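Derivation of every value follows stated rules applied to the coordinates shown; laboratory data play no part. Since we're looking at a predicted model, the values are computed, not measured. When we count neighbours, we look across all protein chains shown, and the Cβ atoms used for this are built from the backbone with ideal geometry, even at glycine.
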Amino acid sequence: MSELTLKTITELREGFRAGDFSAREIAEAFNAAVAAARSLNAFTVETPDLALAAADVADRDRTTDALKPLSGIPLGIKDLFATEGVDSTSGSNILKGFKPTYDSTVSGNLKKAGAGMLGKLNMDEFAMGSSNETSAYGPVISPWKRNDGGNAALTPGGSSGGSAAAVAAGLAPGVTGTDTGGSIRQPAAFTGISGIKPTYGRCSRWGIVAFASSLDQAGPMARTVRDCAIMLEAMASFDPKDATSLNLPVPQWEAGLSSDLRGKKVGIPKEYRIDGVPAEINAIWDQGIEWLKDAGAEVVEISLPHTKYALPTYYIIAPAEASSNLARYDGVRYGLRELGTRSLDDMYAATRAAGFGAEVKRRIMIGTYVLSAGFYDAYFTKAQKVRTLIKRDFTEAFKQCDLILTPTAPSAAFGLQEKMSDPLAMYLNDVFAVPASLAGLPAMSVPGGLDGQGLPLGIHLIGRELDEQGVLNAGLAIEERAGFNHRPARWW
Amino acid sequence: MSVNADQVRHVARLARLALGDDEIDRMVPELNNILGWVEQLGEVDTDGVEPLTAVIDNHLRLRDDVVNDGNVRDDILKNAPDAQHGFFAVPKVIE
């Protein structure tokens, strides 16, 4: 493995601009790393030629005014971003072979910022999963192993599992993820990297395959907080093509980075101390509290009383929106078509039965049921009311604090197959991540340390709406103190 | 509330999912498990609470009533499983 693949986006940017190495050398190093790591199953498509083409442009522009913020940086793109001319299948058989004729706004923004593309990243089908095991391409294997001498294959988390594994294994310096109920933060925590979900509306959803439109947000995953800030600046934009896009200038998050938290109040929600969570999770949380105090923050206890209702609320709203969004996969306009026996209606039902996997079918069924006549108010309207209360909890809490600190996930990475037979056990993975999603708030996971089995644990920061800067700054304060520089030993 | 096989079959029909009897039978307890779990929301007092409609306050924008797109027929048809004469083709729907 080339030493270039060990570098952060920040280091690559500096070295490329200084002429220490060329963009082509960077792209070649990562292309080789991708090709040598197929046993991880992190990529659904490799696009080495696109990475090289962008690198050649960057090398040509290096000493000119045409140099762009991400010139020379190759990235991985989650498979649910539409990418022009490159398969974009959202991890699903129903979209096999779909080659968009356009770029999503976010991936287009990265391209315009000079970034190259290494390939498309594996994910849970339509982002529905927390272990990457629902992908039509098979699970991504985490580059991490337990240190117990066993060889159990672990999940990198999900749904952005390919994204997380790619960064952790040094196959890409940064990647895009999307987060509907933890799909950036939980995989970042499981693989010892950083990832941020910005405020709902910062990143355009246009060209991102829709799962639950009131929750879906794109965000970056990378090795450091600074790298996340660099990428997020390039990804975010106001986009008239997304009705919920925020018409606000994109802040200069990188320039605004500061780990001095004096004057900041950090809230610790008492409801996040839940039964059955391993002691090591609470220990890393306590360590995070100490680190933020050390950075100058004042720590206060807060209450988010409706926390325990966040997951059941999410598992009504997200499937409801999904059942509506996924109605478009009917075998007519793109993707798979199965003819069925007789009619057009049979074609729809046969196509959808053949193209969707078990978890997607389960969620479509739940969503269709809770939206159906007679049940709509009891389930969907009720959930939207509880969602109002969950959002109000945060509004009240942020009168007493500037940031909220919690664990990212209730465990370290688990083994493949361990939870697939029990949907509810799988859903519980996102117990700490989902409330911020329901409230549309910016939230980030940064690595805190390793557990007794040598697996990474994440620390989770939630900010006020539009305060990505506060979240990034607290993340930086933790990063500086955690000194997390562990990498999985290469076995792939 | 819980669902039986007939109700699951009805929901599958609404969702245009062709499910076999074995899949229906497998789904009945799975869906009941999830529905039983979400019913804990019944504990929450939501009297007088408005359902959330916009997670971040945002003003819906109007745009000028002008054509800003178009002439992309071939792009739109490019991924169709069956495109004929500039249209999406589907099985016959009239006798």
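Among A:PHE30, A:PHE394, A:PHE126, A:PHE21, rank each residue by its count of other Cβ atoms within 10 Å, from fewest to most, as a rough exposure measure. Write down the numbers at each step before the final one.
Values: A:PHE30 29, A:PHE394 24, A:PHE126 32, A:PHE21 17.
Ascending Cβ contact count within 10 Å gives the list A:PHE21, A:PHE394, A:PHE30, A:PHE126.
Please give the contour-minus-distance gain from A:VAL300 to A:LEU248: 0.36 nm per residue of separation, less the Cα-Cα distance, rounded to one decimal in nm. Walk me through the numbers on the way to the answer.
Values: separation 52, 0.36 × 52 = 18.72 nm, distance 3.12 nm.
Net length gain for the segment: 15.6 nm.
Alpha carbons only, please: Rg and Dmax for the stretch A:32-103, in angstrom.
Taking only Cα atoms of the stretch A:32-103, I get Rg and Dmax of 14.4, 45 Å.
Over all pairs of distinct alpha carbons, what does the Kirkwood formula give as the hydrodynamic radius of the stretch A:115-230, in Å?
Details: mean 1/r = 0.0713 Å⁻¹.
About 14.0 Å, per the Kirkwood formula over Cα pairs.
How big is D, in µm² s⁻¹, for the stretch A:279-347 by Stokes-Einstein at 4 °C and 1.567 mPa s if Rh is the Kirkwood radius over C-alpha pairs? All intermediate terms of the calculation are to be shown ahead of the outcome.
On the way: Rh = 17.4 Å.
This corresponds to a translational diffusion coefficient of 75 µm²/s.
Could you state the principal axis extents of the C-alpha atoms in the stretch A:203-281, from the largest down, to the nearest angstrom?
Taking max minus min along each principal axis of the Cα atoms, the stretch A:203-281 gives 45, 33, 24 Å.
Counting only other chains, and only Cβ atoms inside 10 Å, what mean value do you get across the residues of A:372-378?
Working: counts 5, 1, 1, 4, 0, 1, 4.
Other-chain Cβ atoms within 10 Å of each residue's Cβ, averaged: 2.
Compute the semi-axes of the equivalent ellipsoid of the stretch A:312-368, taking the square root of 5 times each eigenvalue of the Cα gyration tensor, and list them largest first in whole Å. Display every interim value, and only then the final one.
Details: eigenvalues 110, 20, 16 Å².
The three semi-axes for the stretch A:312-368 are 23, 10, 9 Å.
Below 10 angstrom from the Cβ of B:ALA80, what's the summed charge of the other residues (Lys, Arg +1; Asp, Glu -1)? Numbers along the way, then the final one.
Numbers: positive: A:ARG333, A:ARG337, B:LYS78; negative: B:ASP82.
Net charge in that neighbourhood comes out at +2.
Work the Kirkwood hydrodynamic radius out for chain B: mean of 1/r over every pair of different alpha-carbon atoms, inverted, in Å.
19.5
Below 8 Å between Cα atoms, with a sequence gap of 6+, how large is the relative contact order for the stretch A:95-247 in percent? Please report the intermediate quantities before stating the final value.
Values: 320 pairs, mean separation 33.7, N = 153.
The normalised contact order for the stretch A:95-247 reaches 22 percent.
Would you pull out the residues with amide H under 5 Å of B:ALA89's amide H, same chain only if 5 or more places away, H placed 1.01 Å from N?
B:ASP82, B:ALA83, B:GLN84
Just give me a number: lysine pairs in the stretch A:262-415, eight or more positions apart or cross-chain, with C-alpha atoms less than 15 Å apart.
Total qualifying Lys-Lys pairs in the stretch A:262-415 comes to 9.
Cα to Cα, under 30 Å, and not fewer than 8 places away if on the same chain: which lysines meet these conditions relative to A:LYS68?
A:LYS7, A:LYS78, A:LYS99, A:LYS111, A:LYS112, A:LYS120, A:LYS197, A:LYS241
Suppose only helical runs count, i.e. DSSP H with n ≥ 4. What mean residue ellipticity at 222 nm does that imply for the protein assembly as shown under -39500 (n - 2.57) per run, divided by all residues and rounded to the nearest 500 deg cm²/dmol? Kindly include the intermediate steps, with their values, before the conclusion.
Working: 18 runs with 203 residues, N = 587.
Only helices count here, giving -10500 deg cm²/dmol.
How high is the relative contact order of chain B? Use alpha-carbon pairs under 8 Å, at least six apart in sequence, and give a whole percent. Mind showing how you got there, number by number?
Numbers: 30 pairs, mean separation 17.4, N = 95.
Here the relative contact order equals 18 percent.
Compute the Rg to Rh ratio over the protein assembly as shown from the alpha carbon atoms, using the Kirkwood formula for Rh, and round to two decimal places. Working shown, then result.
Working: Rg = 23.1 Å, Rh = 24.2 Å.
Looking at the protein assembly as shown, the ratio lands at 0.96.
Over chain A, what is the relative contact order in percent, taking alpha-carbon pairs closer than 8 angstrom and at least six residues apart?
On the way: 1226 pairs, mean separation 85.3, N = 492.
Dividing the mean separation by the residue count of chain A yields 17 percent.
By count of other Cβ within 10 Å, fewest leading, how are A:HIS306, A:HIS486 ordered? Mind dumping the intermediate values first?
On the way: A:HIS306 22, A:HIS486 15.
Ascending Cβ contact count within 10 Å gives the list A:HIS486, A:HIS306.
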